[in-house]
Amino acid sequence: MIVQSDEFKFSWLTANLLPLVLNGQVLIFVSRKEGVDALVANLQSSEYKVGGMHGDMSQGERDRVIRGYKKGDIKILIATDIAGISILLYNILVFKWSISTRAGYQEYPDCDQL
């Protein structure tokens with residue numbers, strides 16, 4: 001999906017996020033660390049259970065976020081591409097959120113069903 005602006009992209013995300021979260025967990029990849037922090041803050045202000053992960057975080061902070069995500073306490077994980085490489089994907093929706101005006105998602109089934 002191609003969107004017109006960053007503002008429309010965020011509007012599209014917030015309009016479509018609740019049904020996605022109700023069906024499982026969501027992983028959003030962001031191209032920059034600043035983008036992770038900004039998107040986490042915006043979604044937290046909308047009271048979503050969200051965590052962020054990028055290279056400027058300590059290993060302890062990243063471990064805490066991953067534990068919360070794996071336990072289901074965090075429903076939405078926002079990470080830079082590099083930080084998200086080691087995440088096991090199962091039963092989640094993955095978004096690629098970049099500076100460009102593209103937004104979309106890919107559904108990944110539970111690994112046990114593959």
If I filter the range 9-29 down to residues being over 17 Å from Tyr69 (Cα atoms) and in contact (Cβ under 8 Å) with a residue 40 or more places away in the chain, which single residue comes out as surrounded by the most Cβ atoms within 10 Å (Cβ to Cβ)? Leu13
Take the residues of the range 51-85 that are touching a helix residue (DSSP H, G or I) at 6+ places or on another chain (Cβ under 7 Å) and not in a loop (DSSP other than H, G, I, E, B): which is nearest to Leu17 (Cα to Cα)? Ile76
Just wondering, is there one or more residues in the range 37-50 that are under 13 Å from the mean Cα position of the chain (by Cα), at pLDDT below 90 and either of a type outside the set (Ser, Thr, Tyr) or under 13 Å from Leu17 (Cβ atoms) (or both)? no
Taking the condition at pLDDT 90 or above and of a type outside the set (Gly, Ala, Ser), does Ile74 pass? yes
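The values are calculated or read from the model by the stated rules, or taken from the named source; none is laboratory data. Every value quoted in this text rests on a predicted model; they were computed, and no experiment measured them. Heads up, the Cβs are rebuilt from the backbone with ideal geometry, glycines too, and the neighbour counts pull from every protein chain shown.
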